[in-house]
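What follows is one structure encoded as structure tokens, with my remarks underneath.
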Amino acid sequence: MKQFFLLFVLLLGVSNIISAQQDEINRDYISMIGSVELKEVADQASFYFTIKGVGETLRLAVEDAENKTKTLSEKIIQLGIKKKNLSTSDFLSGENYGDKAFLSSSRDYQATISTLIKTDSLNLLRPLLFLISEAEVENISNISFSLKDELGLRRRARIEAGLKAREKAEDITGALGVKLGKVLTIEEIQPTQTYTNQNQLLRVRGGYNYPNPFNPGTYNVLQEDNLSSPTVDEIKGSGFFAKTVSITSQVKVIFAIE
């Protein structure tokens, strides 16, 4: 009986709170939506490169790919990339159906190792790509840009969206001669989202015939005259890739009118 009585009191209290909140919302109010888009220049990048090894046996093919990857990784570290920012992302091995030697078994098997590189120094990105392109790699792929403090920018976007809603409400109530009151409700109607211009696919040997700095088509990025060409992005970039991170947020705020 005592438990039933306590449950009744609790339900009554919750009902009163909901009723009071509803009364607040039912008063004169103005509803506004604040939308913002913040852009920042990316400060870190990542991409993959793939190396292929071949051999008379599967083991020799794996060893060939491993040795090539190790040699290139050492050069990358000497360039300034930290060892912890290099990691194996994929490994495949099997019979080499693509380019076996006609009169020899030296290329009967193949192995490929894909390596992920991360760098927080974008000044190293261009020399890094050229260094890797000069090695025995199959391709360089999935270049993406990001922010170290993406969480901080997302939080700032939400705050500025709320302030934008207040600014719009103040403009309208001021023009109509009424006084803006307290905030009644806040709702994030569109989750804060991040957009980056990323996943630029570079094929060094074979693969898709997409124009890129190492398979340039009609544009030769290796020509001296073009090495300092400006970025195509509206945010200042490196001249090699555009690298803007854009974050959007939309917040709905209901204000009382006094």
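A residue that is at pLDDT below 95 and basic (K, R) cannot be found anywhere in the range 161-176. Against the condition more than 16 Å from the chain's Cα centre (by Cα), modelled with pLDDT of 90 or more and crowded, with 16+ Cβ neighbours inside 10 Å, how does I132 come out, does it pass? Spelling it out, I132 is indeed more than 16 Å from the chain's Cα centre (by Cα), modelled with pLDDT of 90 or more and crowded, with 16+ Cβ neighbours inside 10 Å. Residues that are of a type in the set (G, A, S), in contact with a strand residue (DSSP E or B) (Cβ under 8 Å, 6 or more places away or on another chain) and within 30 Å of R154 (Cβ to Cβ) do occur in the range 46-56, at least one of them. Just one of the numbered conditions (1) in contact with a Ser or Thr (Cβ under 6 Å, 6 or more places away or on another chain); (2) under 21 Å from L128 (Cβ atoms) is not true of V36; which one? With respect to (1) in contact with a Ser or Thr (Cβ under 6 Å, 6 or more places away or on another chain); (2) under 21 Å from L128 (Cβ atoms), V36 is out only on (2).
Which of the residues that make up the range 57-74 are more than 27 Å from L128 (Cα to Cα) and loosely packed, with under 14 Cβ neighbours inside 10 Å?
We begin by selecting, within the range 57-74, every residue more than 27 Å from L128 (Cα to Cα); these are 57-60.
The answer is T57, R59.
Within the range 158-179, none of the residues are farther than 21 Å from Q250 by Cα, touching a residue at least 12 places away in the same chain (Cβ under 8 Å) and part of a strand (DSSP E or B).
Go through the range 75-95 and give me each residue that's assigned to a helix (DSSP H, G or I), surrounded by 12 or more Cβ atoms within 10 Å (Cβ to Cβ) and without any contact (Cβ under 8 Å) to a residue 24 or more places away in the chain.
In the first step, residues of the range 75-95 are kept if they are assigned to a helix (DSSP H, G or I); the result is 75-79, 83-85.
Now narrow it down to the ones that are surrounded by 12 or more Cβ atoms within 10 Å (Cβ to Cβ): 75-77, 79, 85.
Matches in the range 75-95: I77 only.
Taking the residues in the range 38-74 that are assigned to a strand (DSSP E or B) and among the aliphatic types (A, V, I, L, M) as candidates, determine which candidate is farthest from S104 (Cα to Cα).
Step by step, filter the range 38-74, then rank; the result is L38.
Over 30 Å from E170 (Cβ atoms), surrounded by 19 or more Cβ atoms within 10 Å (Cβ to Cβ), at pLDDT 60 or above and not hydroxyl-bearing (S, T, Y): does that describe V54? Considered against the rule, which asks whether it is over 30 Å from E170 (Cβ atoms), surrounded by 19 or more Cβ atoms within 10 Å (Cβ to Cβ), at pLDDT 60 or above and not hydroxyl-bearing (S, T, Y), V54 comes out as yes.
If you go through the range 100-117, how many residues are free of Cβ contacts under 8 Å to residues at least 40 places away in the same chain and open to solvent by 60 Å² or more (accessible area, probe 1.4 Å)? It would help to see each step written out before you state the result.
The first filter runs over the range 100-117 and keeps only residues free of Cβ contacts under 8 Å to residues at least 40 places away in the same chain, leaving 100-104.
Those left that are additionally open to solvent by 60 Å² or more (accessible area, probe 1.4 Å): 100, 102-103.
Looking only at that region, the number is 3.
The values are calculated or read from the model by the stated rules, or taken from the named source; none is laboratory data. Just so you know, these numbers come straight off a predicted model, no measurement behind them. A quick note on method: Cβ atoms are made from the backbone with ideal geometry, for glycine too, and the neighbour counts reach across all protein chains shown. Remember, those area values only see protein heavy atoms, side chains included, never the ligands or the DNA or RNA. Shrake-Rupley method; radii C 1.70, N 1.55, O 1.52, S 1.80 Å.
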